[in-house]
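Worksheet: one structure, shown below.
What follows is calculated from the coordinates using simple rules that are stated; it is not laboratory data. Every value quoted in this text rests on a predicted model; they were computed, and no experiment measured them. Quick reminder, even Gly has a Cβ in these numbers, built from the backbone with ideal geometry, and neighbours come from all protein chains shown.
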Amino acid sequence: MATPFILINLKTYTEGFGHNAQKIAQSAERIAHENDVRIGLAPGYMDIHPLNVHYSLPVFAQHVDAVSPGAHTGHIVAEAVKAAGATGTLINHSERRLTLADVESAHTMARAAGLETVICTNNVATSGAAAFFSPDYIAIEPPELIGSGVSVSKADPEIIERSVEAVRSVRETVKVLTGAGISTGECVKTALDLGTDGVLLASGVVKAKDPEAVLRDLVSKI
């Protein structure tokens, strides 16, 4: 079985940038090495470069725009994210939704820049459609469960199973992550048992009083 992937989105929480991002990265790197699990971080843009310099973890951007380098003030360009040291990027997160056309364009830009791609989706149909773009991962996260503390793997396991089936029927090589409400090792185990390749989570780690303890629990049942 391939190494599971745990991707932690630090969002813009005060607990997830600057020195706090460094502390989470330090814990995540140590736990990843000890348990042979791939753990990645998706920090704010200002933290991509320092995390890449100081840690061996894969670092993902939280978003890239569907634009090429040029006169696009305020946009996030895939090439710039790559130059800062990012390994990959999220695309179409529930808090940064794109049209399907822009998802395709952003994915094309990210691929051209040499970035891994995680396309976030909110239902089975969108998951199947996104698979046609051949991203590395599709992360299924029903928006009503994000930050709720209720894991999608328990609240709606059928959407995971049907999403995996929809994705694999289009592109067998595309991996699937379970998102929304993931917070414990039991959640991770259930997600893997349902056929996915890992999890995408945020507040369960970033907002925890002891992020390292949560990270250790997340990998405890793999």
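The table below lists the values:
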| quantity | calculated |
| --- | --- |
| Ranked packing of 98-107, 116-125, most packed first, by mean Cβ within 10 Å | 116-125, 98-107 |
| Size of electric dipole in the chain: Cβ of Lys, Arg +1 and of Asp, Glu -1, about Cα centre, debye, nearest 20 | 200 debye |
| Segment 15-36 versus segment 94-146: alpha-carbon centroid distance in Å | 25 Å |
| Mean Cβ count within 10 Å, highest first, over the residues of peptides 67-78, 158-169, 128-139, 41-52 | 128-139, 41-52, 158-169, 67-78 |
| Burial ranking of peptide ranges 12-20, 202-210 (average Cβ count within 10 Å, highest at the top) | 202-210, 12-20 |
| DSSP-defined beta bridges in the chain - what % are antiparallel, rounded to 5 | 0 percent |
| Unit charges at the beta carbon, dipole of the chain: most positive-side option, His72, Ile6, Thr117 | His72 |
| Links that overshoot a 27 Å alpha carbon limit, given the list Lys82/Lys175; Lys11/Lys175; Lys11/Lys82; Lys82/Lys189; Lys23/Lys175 | Lys82/Lys189; Lys23/Lys175 |
| Semi-axes of the equivalent ellipsoid for the chain, Cα gyration tensor, largest first, Å | 24, 23, 15 |
| Gyration tensor (Cα) of segment 149-222, equivalent ellipsoid semi-axes in angstrom | 24, 11, 10 |
| Computed magnitude of the charge dipole of segment 1-121 (debye, nearest 20; Cβ of K, R +1, Cβ of D, E -1) | 60 debye |
| Two-site FRET efficiency, Asp210 against Glu95, from Cβ-Cβ distance with R₀ of 22 Å, rounded to 0.05 | 0.30 |
| Residue-averaged 222 nm ellipticity for the chain, from DSSP H runs of 4+ at -39500 (n - 2.57), nearest 500 | -12000 deg cm²/dmol |
| Calculated FRET value between Phe132 and Thr12, using beta carbons and R₀ = 35 Å, to 0.05 | 0.70 |
| At q = 0.18, 0.27, 0.28 Å⁻¹, base-10 log of I(q)/I(0) for segment 1-72 (Debye sum, equal scatterers on each alpha carbon) | -0.69, -1.22, -1.28 |
| Within segment 186-222, backbone nitrogen closer than 14 Å to the virtual label 7 Å beyond the Cα of Asp36 toward Cβ | 222 |
